[in-house]
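Here is the structure we will look at.
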Amino acid sequence: MSNRPKNVVILGSTGSIGQSTLDVIRGTDSLFAYALTAHSRLAEAALQCQEFSPHWFVGTCEEAFSARESLPFPSETEVLIGSQNVRQVVQDDAVDIVVSAIVGAAGLYGTIAALEAGKQVALANKESLVMAGHLVMRLVNEKGGTILPVDSEHSAIFQAKLAGKEKEIKKIWLTASGGPFLRRTREHMASVTVAEALAHPTWEMGRKISIDSATMMNKALEIIEAKWLFGLQADQIGVVVHPQSIVHSLVEFVDGSVIAQLSPPDMRLPIQFALNYPDRKTAVAETFDWQQAMHLDFEPPDLDRFPALGLGFEVAKVGGSSGAVLNAANEVAVSAFLDEAMSFADIVPACRSVLEQHNFETDPTLEQLIELDRWARQEVLRWTR
Ligand code: NAD
Ligand code: MG
């Protein structure tokens with residue numbers, strides 16, 4: 001690549017990861033926001049376009065665009081309407097890296113389109129790997145693209161792995177904050193409110209992933225994500241609760257050495273790392289003052305109070321269509337909980353039940369996964385009130 005800035009596409013620029021990505025770009029002249037996409041909050045997206053002057057903006061939700069005339073998109077940005085335009089934008093020859101930061105299954109198509117064109121993908125949308133890890137990794141191998149993890153745990157593993165050889169890795173340990181209910185009894189879990197579940201102790205994130213963190217389904221999805229991303233067996237992945245969210249994950253090598261990555265809980269660091277890889281640039285996020293006292297605690301997770309973790313390990317082990325079914329059931333269950341149509345304590349049992357009932361496929365095609373995704377979304381509604 002020449003000396004020009006790297007051209008970055010942000011899928012989901014109005015989201016939590018999208019905004020953090022723009023903050024990283026704001027701090028440097030070596031990255032250019034080449035294209036942005038958003039589903040709603042278009043007035044906010046228009047302001048982003050005014051500030052960053054991307055070549056393209058894609059509004060993925062056509063209905064949200066009814067009031068377009070009054071939105072202040074700048075004249076230098078071409079505005080495209082409809083999710084079918086995402087493919088054209090991410091596959092543009094000038095694009096260097098695509099930040100996949102749409103929430104949920106909707107993020108899969110952008111990830112796939114970018115990898116089909118052999119692009120680098122900075123992957124925040126873990127659902128892409130949870131749903132279709134075998135297809136996504138096959139595309140990486142066939143088309144020569146790369147995935148650079150943005151999820152903080154996977155970024156940490158990616159960085160820590162550099163300390164040894166692939167075959168010298170014994171196990172990876174994903175750290176988990178434990179979320180807002182780390183110390184709640186099982187009885188109290190039944191009466192959890194939406195506001196309590198959204199109040200994450202260490203991270204500020206979008207609503208869906210915040211609920212996933214409260215059930216620890218987020219860690220379950222991350223186990224599956226790690227299996228595909230790093231080519232591991234389920235039993236090579238462990239989870240350790242670390243309430244401070246400072247050690248973002250650990251790699252244990254065969255000789256017993258454990259290498260960890262530490263930084264304050266701020267997504268701008270893993271995003272910045274992915275966008276600049278293999279280089280490192282001056283921090284945009286806060287850094288530590290190592291002269292201040294600090295405590296780091298670790299404890300094993302409670303699999304009884306957080307049954308999502310067991311599901312994560314099972315799905316990572318059996319693979320096939322189970323990731324897509326778990327993901328779809330969970331998305332709908334989380335949204336039902338947010339709408340107060342499902343109790344917090346029912347989210348994971350509902351997912352387990354849908355998973356157990358589904359027609360398992362060992363090596364599903366994308367079409368089969370989409371069909372199972374549709375079926376699982378319908379099926380989990382039985383658990384709503
Ligand atoms: P968010 O809800 O804050 O933002 C989601 C973005 O996706 C928005 O820009 C929205 O317009 C867009 N979007 C929503 N539905 C869409 C659809 N149907 N089609 C196209 N675009 C759509 O979410 P977030 O917290 O930024 O999370 C984004 C992804 O990153 C998720 O997969 C999440 O698991 C992952 N992630 C987030 C964090 C975090 O700190 N927020 C950390 C690690 C991983
Ligand atoms: Mg994470």
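The values are calculated or read from the model by the stated rules, or taken from the named source; none is laboratory data. As the structure is a prediction and not an experimental result, all values here were calculated from the model. Heads up, the Cβs are rebuilt from the backbone with ideal geometry, glycines too, and the neighbour counts pull from every protein chain shown. Just the protein is used for accessible areas: all its heavy atoms, side chains included, with ligands, DNA and RNA removed. Shrake-Rupley method; radii C 1.70, N 1.55, O 1.52, S 1.80 Å.
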Considering region 335-364 alone, what residues qualify as being open to solvent by 60 Å² or more (accessible area, probe 1.4 Å), over 15 Å from ILE211 (Cα atoms) and outside any helix (DSSP H, G or I)?
ASN359, PHE360, GLU361, THR362, ASP363
Residue among ALA94, ALA45 that is part of a loop (DSSP other than H, G, I, E, B) and either closer than 23 Å to GLY206 by Cα or open to solvent by 20 Å² or more (accessible area, probe 1.4 Å) (or both)
ALA94
Residue pairs within 7 Å by beta carbon, gap of at least six or interchain, first lying in region 370-381 and part of a helix (DSSP H, G or I) and among the basic types (Lys, Arg), second at pLDDT 95 or above and buried (at least 18 other Cβ atoms within 10 Å of the Cβ), listed first then second, are ARG377/ALA328; ARG377/VAL332
So, first residue charged (D, E, K, R) in region 117-138, second residue more than 16 Å from ligand 2 (Cβ to nearest atom), Cβ within less than 7 Å, six or more apart or across chains; the pairs are LYS119/VAL90; LYS119/VAL95; LYS119/ILE97; LYS119/VAL98; LYS119/GLY145; GLU127/ALA105; GLU127/LEU108
Condition first: of a type in the set (Gly, Ala, Ser) and not in a helix (DSSP H, G or I). Now tell me which residues in region 54-65 satisfy that.
GLY59
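Here is a yes/no grid of residues against (1) assigned to a strand (DSSP E or B); (2) away from ligand 2 (no atom under 12 Å from the Cβ); (3) within 22 Å of SER335 (Cβ to Cβ):
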position: VAL140; (1), (2), (3): no, yes, no
position: GLU187; (1), (2), (3): no, yes, no
position: MET205; (1), (2), (3): no, no, yes
position: SER249; (1), (2), (3): yes, no, no
Quick one: what pairs do we get from region 13-41, first residue within 16 Å of ligand 2 (Cβ to nearest atom), second at pLDDT 95 or above and assigned to a helix (DSSP H, G or I), C-beta under 6 Å, 6+ apart or different chains?
SER20/ARG268; SER20/ILE271; THR21/ILE271
Any residue at all in region 312-320 that is more than 23 Å from THR175 (Cα to Cα) and either open to solvent by 10 Å² or more (accessible area, probe 1.4 Å) or part of a helix (DSSP H, G or I) (or both)?
yes
Test of understanding: among GLU51, GLU153, which residue is outside any loop (DSSP other than H, G, I, E, B), open to solvent by 10 Å² or more (accessible area, probe 1.4 Å), among the acidic types (Asp, Glu) and within 16 Å of ligand 2 (Cβ to nearest atom)?
GLU153
For TRP203, the lone unmet condition from (1) touching a residue at least 60 places away in the same chain (Cβ under 8 Å); (2) over 23 Å from LEU229 (Cβ atoms) is (2)
Taking the stated definitions as given, is MET189 open to solvent by less than 30 Å² (accessible area, probe 1.4 Å) and either on the phi > 0 side of the Ramachandran plot or in contact with a Cys (Cβ under 6 Å, 6 or more places away or on another chain) (or both)?
no
Assess whether ILE112 counts as being away from ligand 2 (no atom under 16 Å from the Cβ) and assigned to a helix (DSSP H, G or I).
yes
Of GLU116, GLU142, GLU127, the only residue that is open to solvent by 10 Å² or more (accessible area, probe 1.4 Å), under 23 Å from LEU269 (Cβ atoms) and not assigned by TED's automatic domain parsing to the domain that holds ILE209 is GLU127
Does region 210-233 include one or more residues that are surrounded by fewer than 21 Cβ atoms within 10 Å (Cβ to Cβ) and in contact with a strand residue (DSSP E or B) (Cβ under 9 Å, 6 or more places away or on another chain)?
yes
Kindly indicate whether ALA293 is away from ligand 1 (no atom under 16 Å from the Cβ), out of contact with any helix residue (DSSP H, G or I) (no Cβ under 7 Å at 6 or more places or on another chain), within 25 Å of SER335 (Cα to Cα) and assigned by TED's automatic domain parsing to the domain that holds GLU168.
no
